[in-house]
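Reading through the structure tokens given below for one structure.
The values are calculated or read from the model by the stated rules, or taken from the named source; none is laboratory data. Everything quoted here is computed from the prediction, not taken from an experiment. When we count neighbours, we look across all protein chains shown, and the Cβ atoms used for this are built from the backbone with ideal geometry, even at glycine. The protein model used for the area step is the full one, side chains on, heavy atoms only, and it has no ligands, DNA or RNA in it. Shrake-Rupley method; radii C 1.70, N 1.55, O 1.52, S 1.80 Å.
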Amino acid sequence: MKFLLTSAGVTNKSIHTALIELLGKPIAESNALCIPTAMYGHPWVGPGVNAWEFISGKSENPMVDLGWRSVGVLELTALPSIGKDRWVPLVQETDVLLVAGGDALYLAYWMKQSGLAELLPSLNAVYVGMSAGSMVLAPQIGEDFVGWIPPIESDEALNLVDFAVFPHLENETLPENTLAAAERWAAGLKGTAYTIDDQTAIKVVDGSVEVVSEGRWKVFPQ
């Protein structure tokens, strides 16, 4: 699977170009599934109007509204209650997964419970994460981002990439997301970590990592 890990969606031409390169064909010829699950676990986001805005392509974060050939909804909390034959073929046939932000550990829990986490490495698709949707792929998210507490009471995530992500660097609505805060966060982690602003994404193909940015970012340790 190919990964495009963003802070706030496909916010500029550079990230848009990277997405098309990963798809290998135009967006208008690509089928997408959007995953809103992380939103429900975050007190600032959903459930409610924000989840509807994401699914309908009316949010401020460009993902669902990019001009896909088709867009469907994959709600992870529903998957354990239906047979895998109802949803696994759908996921295997899709070109891109659009994974919303929210609470990263809530998302990690439901990715595991649903069986999607186990399926992801085998998919021939592009995974586009936003905020928590990007953070969930890391080995751990860091104590600063622990909100919803999973049964195992750990900040461990899916470990599908070998680095952690601190999104929304220097976002005006999140004044606490400073570079100094990111440095403190990274100091509490094992291994590599990136902090990225809303004009930056991280592209991962076959384990090779490339930063795509029209903004600010930093890797730790450097």
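So is residue 74 surrounded by 13 or more Cβ atoms within 10 Å (Cβ to Cβ) and either small (Gly, Ala, Ser) or in contact with a Leu (Cβ under 6 Å, 6 or more places away or on another chain) (or both) or not? Lay out the reasoning, then the answer.
On the way: surrounded by 13 or more Cβ atoms within 10 Å (Cβ to Cβ): yes; either small (Gly, Ala, Ser) or in contact with a Leu (Cβ under 6 Å, 6 or more places away or on another chain) (or both): yes.
Criteria met by residue 74.
Quick one: would you say residue 108 is open to solvent by less than 30 Å² (accessible area, probe 1.4 Å), part of a helix (DSSP H, G or I) and within 30 Å of residue 217 (Cα to Cα)? Quick ask: steps written out before the conclusion?
Details: open to solvent by less than 30 Å² (accessible area, probe 1.4 Å): yes; part of a helix (DSSP H, G or I): yes; within 30 Å of residue 217 (Cα to Cα): yes.
Here the answer is yes, as residue 108 does meet what is asked.
Can you run down the residue pairs with Cβ atoms below 9 Å, 6 or more apart or on separate chains, where the first is in region 80-99 and free of Cβ contacts under 8 Å to residues at least 24 places away in the same chain and the partner is of a type in the set (Ser, Thr, Tyr) and surrounded by 20 or more Cβ atoms within 10 Å (Cβ to Cβ)?
87/114
Have a look at 219, 212, 165, 161 and point out the one that is assigned to a loop (DSSP other than H, G, I, E, B) and in contact (Cβ under 8 Å) with a residue 24 or more places away in the chain. Quick ask: steps written out before the conclusion?
Working: 219 fails: assigned to a loop (DSSP other than H, G, I, E, B); 212 fails: assigned to a loop (DSSP other than H, G, I, E, B); 165 fails: assigned to a loop (DSSP other than H, G, I, E, B).
Selected residue: 161, the only one of 219, 212, 165, 161 that is assigned to a loop (DSSP other than H, G, I, E, B) and in contact (Cβ under 8 Å) with a residue 24 or more places away in the chain.
May I ask you to list the residues in region 156-192 that are open to solvent by less than 20 Å² (accessible area, probe 1.4 Å) and closer than 23 Å to residue 4 by Cβ?
Taking region 156-192 as the starting set, the residues that turn out to be open to solvent by less than 20 Å² (accessible area, probe 1.4 Å) are 157, 161, 163-167, 169, 177, 181-182, 185-186.
Result: 157, 161, 163, 164, 165, 166, 167, 169, 177, 182, 185, 186.
Go over the candidates 113, 140, 199 one by one and state the one that is farther than 27 Å from residue 18 by Cα, of a type in the set (S, T, N, Q) and in contact (Cβ under 8 Å) with a residue 12 or more places away in the chain. Please lay out each step first, then the result.
Values: 140 fails: farther than 27 Å from residue 18 by Cα; 199 fails: farther than 27 Å from residue 18 by Cα.
One residue alone meets the criteria, 113.
Scanning for something touching a strand residue (DSSP E or B) at 6+ places or on another chain (Cβ under 7 Å), open to solvent by less than 50 Å² (accessible area, probe 1.4 Å), among the aliphatic types (A, V, I, L, M) and under 22 Å from residue 145 (Cβ atoms), does region 23-35 turn up at least one residue?
yes
Quick check on my filter: what residues within region 12-41 are part of a loop (DSSP other than H, G, I, E, B) and over 17 Å from residue 135 (Cβ atoms)? Don't jump to the end; show me each part of the working.
Pass one, region 12-41, residues part of a loop (DSSP other than H, G, I, E, B): 12, 24-26, 30, 36, 41.
12, 24, 25, 26, 30 - these are the residues of region 12-41 that are part of a loop (DSSP other than H, G, I, E, B) and over 17 Å from residue 135 (Cβ atoms).
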